[in-house]
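The values are calculated or read from the model by the stated rules, or taken from the named source; none is laboratory data. Only a predicted model underlies this, so the values are computations on that prediction, with no experimental measurement involved. Methodologically, a virtual Cβ is constructed for each residue, glycine included, from the backbone with ideal geometry; neighbour enumeration extends over all protein chains shown. Keep in mind that these areas ignore ligands, DNA and RNA; they rest on the heavy atoms of the full protein, side chains included. Shrake-Rupley method; radii C 1.70, N 1.55, O 1.52, S 1.80 Å.
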Amino acid sequence: MNEALHYHFDVDGANFSNAGRASVETKKLLRQLGVPPEIIRRISVAMYEGEINMVIHAHGGDADVYITEDTVLITLKDVGPGIRDVEEAMKEGFSTAPENIRALGFGAGMGLPNMKRYSDEMHIDTKVGVGTSIELWYHLK
Amino acid sequence: MAVYTHSVYVDPERCTGCTNCLRRCPVEAIRIRQEKAVINALKCIDCGECIRACKHNAKRASYDKLSDLDFSKHLIALPAPSLFGQFNHLDEAEYVINGLLEMGFKEVYEVARAAEYVTDLTRIYLNSPKAKKPAISSACPVIVRLIKLRFPTLCDQLVPILPPYELAGKLARERALREHPELSPDDIKTVFISPCPAKVSWAKSIMDGQTVHVDYVTSMNDVYMELLKKMKRDEDCNGNVVSEAGIVGMSWATTSGEAASLMNEGYLAADGIDNVIKVLDDLESGTLSEINFVELNACSPGCVGGVLAPTNGFIARLRLQNLRKSSGMVVKPNDIADIEKGDRLKGGVIPPEYIESDAFTYMPEGAPNMLAMMLAMKKADALAEKLPKKDCGACGSPTCKAFALDVVNGDAQLSDCVLRSQMEG
């Protein structure tokens, strides 16, 4: 199969209760395809973190899932504030989430570190004032 | 692994082929084919939602009828805690137990009592290093099957302890053999009085290496009708009959009873199959880290809401509260260590006979070939784009998306979409 299976999800920035929907839908698809459970777990954790990040920091964005026989690629794109210092943001516990978000139990500074931990490869492309684009790669073979 | 025997079935005589059950099935296991509902046995979790939804009594549960029971045997009734919530103005649990004896059961072993041992065992398990947190209760067989089919990464979080009805069967049998040395094991039959079809399925689906201690599973509805005739409200209860279950075991009939009895602060309790699925999704996303124990019941508000229970579950819950007050129910010292009388429980090790031998392993719905499945889904996605997206169900599939995949798999024809033919016509 040459072309990847592609699914697109709008991540609604105005709606916290919908955050996580894209990762739940993706999980169902991957299970239907017969992707091994441990990989599904890693994908759903990382993608959930990414979705929440977009809701908290960037008023939502686009989540796209590309599946081939060998790889799963998740892209998360937003037109939010961008990440000023990626190295800093990758440190566990570092968070720029506002107080009201932290009060909800988010913004513990584990978002990006967790996404890295739960993916095989992560690429961040970000520009302050323009937005952030993250790729999460998983190798199935 | 043996075949899972389902309790829920369709009566084709009664089924009109309407779409009520189709749309309510939480796992999309139903299709309407040739004007009749068909249940996919590989997907069905026996939750009973279709029985609730059916307006024609065409969705039914199979179970052992009272007439199937051989009352010449040493029959032991195993009443679920929810049975005690079925009766108005019941102020002593003993009336029910007495009624069961009047019906011809030789003994009664309350499942609520076994539930208290399960509570004890779960507490020991939660303190052992083996427990993967948050641990998920395995008492509701719908939840166990749902997780095994759909939540592959949560399988190892299920608590591997026998469910109360099964432990009750085991303990009842052992007690009868002890107290009646004249009986042979074959003379003793245990009869579970169930509020739901899922527990019927569980007992009828004997997996490899599993000994099931419940011989018959009857419907609470059937037993209720007989009990009403036998229970004597006006007379004092026979002094020889004493309810052995305490407030802890009885509380298992309603949601959060099981979790609260663990005396463990970090617990979550949810009921209703849709709510349960949302909680499981969140658990799988790893977002509920501060929780130690999760109690999930397919029915709301707990087992009292099962489809084989005659009384509205919310009323039954109220009646159980009243019973607890009026009978002055207390915490009975049903400590698992009393049965053990040894130190097998030291170090948090649970003796093997209390362990669920049916391993909680992931059972994929099919064994899909990934490439073939990808091609099918790709075709189905393209096809779904052309469908009306009304999810009307008239084609016999629950959603347009499901219909598209059914067409690709050769299980439906595009012409079955009525709206589409109309749009084109």
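Among the residues of the stretch A:43-66, those identified as in contact with a strand residue (DSSP E or B) (Cβ under 8 Å, 6 or more places away or on another chain) and under 11 Å from A:S23 (Cα atoms) are A:I43, A:A46, A:M47, A:G50, A:E51, A:A63, A:D64, A:V65. If you go through the stretch B:319-344 and keep only what is of a type in the set (A, V, I, L, M, F, W, C) and under 16 Å from B:A93 (Cβ atoms), you end up with B:L320, B:L323, B:M329, B:V330, B:V331.
Of the numbered criteria (1) over 22 Å from A:V128 (Cα atoms); (2) loosely packed, with under 14 Cβ neighbours inside 10 Å; (3) of a type outside the set (S, T, Y), the one A:G93 fails is (1). When the stretch A:7-25 is limited to residues that are over 16 Å from B:I277 (Cβ atoms) and touching a helix residue (DSSP H, G or I) at 6+ places or on another chain (Cβ under 7 Å), the one that is farthest from the other protein chains (Cβ to nearest Cβ) turns out to be A:G13. Taking the stretch A:5-56 as the range and being at pLDDT 95 or above and aromatic (F, W, Y) as the test, the residues that pass are A:Y7, A:F9.
The set of residues from the stretch B:374-400 being open to solvent by 40 Å² or more (accessible area, probe 1.4 Å) and either within 11 Å of chain A (Cβ to nearest Cβ) or over 35 Å from the mean Cα position of the chain (by Cα) (or both) comprises B:L375, B:K378, B:K379, B:D381, B:A382, B:E385, B:K386. Residue pairs whose Cβ atoms lie under 8 Å apart, sitting 6 or more positions apart in sequence or on different chains, and linking a residue in the stretch B:119-139 that is over 24 Å from B:A253 (Cα atoms) to a partner that is of a type in the set (D, E), are B:K132/B:D156.
Looking at B:T287, is it within 14 Å of chain A (Cβ to nearest Cβ), open to solvent by less than 50 Å² (accessible area, probe 1.4 Å), of a type in the set (S, T, Y) and closer than 25 Å to B:K148 by Cβ? In short, yes.
Does A:E88 satisfy the condition of being more than 9 Å from chain B (Cβ to nearest Cβ), touching a Phe, Trp or Tyr at 6+ places or on another chain (Cβ under 7 Å) and open to solvent by 40 Å² or more (accessible area, probe 1.4 Å)?
Working: more than 9 Å from chain B (Cβ to nearest Cβ): yes; touching a Phe, Trp or Tyr at 6+ places or on another chain (Cβ under 7 Å): yes; open to solvent by 40 Å² or more (accessible area, probe 1.4 Å): yes.
When the stated conditions are applied, A:E88 passes them.
Residues in the stretch A:39-54: is at least one open to solvent by 60 Å² or more (accessible area, probe 1.4 Å) and among the acidic types (D, E)? There is no residue in the stretch A:39-54 that is open to solvent by 60 Å² or more (accessible area, probe 1.4 Å) and among the acidic types (D, E).
For the stretch A:36-52, the condition of being in a helix (DSSP H, G or I), of a type in the set (S, T, N, Q) and under 19 Å from A:G129 (Cα atoms) holds for none of the residues. When the residues of the stretch A:10-38 are filtered to those that are closer than 19 Å to B:L283 by Cβ and of a type in the set (S, T, N, Q), which remaining residue is surrounded by the most Cβ atoms within 10 Å (Cβ to Cβ)? Per the stated criteria, the residue is A:S23.
Selection of the stretch A:58-85 for residues being of a type in the set (V, I, T) and open to solvent by 20 Å² or more (accessible area, probe 1.4 Å) yields A:T68, A:T71, A:V79, A:I83. Look at (1) hydroxyl-bearing (S, T, Y); (2) assigned to a strand (DSSP E or B); (3) modelled with pLDDT under 95 and you find that B:T153 fails only one, number (2). Is it the case that some residue within the stretch B:258-269 is of a type in the set (S, T, N, Q) and surrounded by fewer than 17 Cβ atoms within 10 Å (Cβ to Cβ)? The answer is yes; a qualifying residue exists. Does at least one position in the stretch A:82-103 carry a residue that is touching a residue at least 40 places away in the same chain (Cβ under 8 Å) and closer than 17 Å to A:R21 by Cβ? Scanning the stretch A:82-103 turns up no residue that is touching a residue at least 40 places away in the same chain (Cβ under 8 Å) and closer than 17 Å to A:R21 by Cβ. Looking at B:V212, is it surrounded by fewer than 19 Cβ atoms within 10 Å (Cβ to Cβ) and either in a helix (DSSP H, G or I) or in the same structural domain as B:A269 (by TED's automatic domain parsing) (or both)? Taking the combined requirement at face value, the residue satisfies it. Applying the set (1) open to solvent by 10 Å² or more (accessible area, probe 1.4 Å); (2) closer than 24 Å to B:R60 by Cα to B:K170 leaves exactly one unmet item: (2). The residues in the stretch B:304-323 that are open to solvent by 40 Å² or more (accessible area, probe 1.4 Å) and touching a helix residue (DSSP H, G or I) at 6+ places or on another chain (Cβ under 6 Å) can be counted, and the count is 3. Taking first residues from the stretch B:269-284 that are over 23 Å from A:A22 (Cβ atoms) and within 12 Å of chain A (Cβ to nearest Cβ) and partners that are of a type in the set (D, E) and assigned to a strand (DSSP E or B), no Cβ contact under 7 Å between residues at least 6 apart in sequence or on separate chains turns up. Just one residue in the set B:V294, B:V248 is more than 19 Å from B:I143 (Cβ to Cβ), touching a helix residue (DSSP H, G or I) at 6+ places or on another chain (Cβ under 9 Å) and assigned by TED's automatic domain parsing to the domain that holds B:S138; that residue is B:V248. Residues that are open to solvent by 20 Å² or more (accessible area, probe 1.4 Å) and among the small types (G, A, S) within the stretch B:99-114 comprise just one, B:G104.
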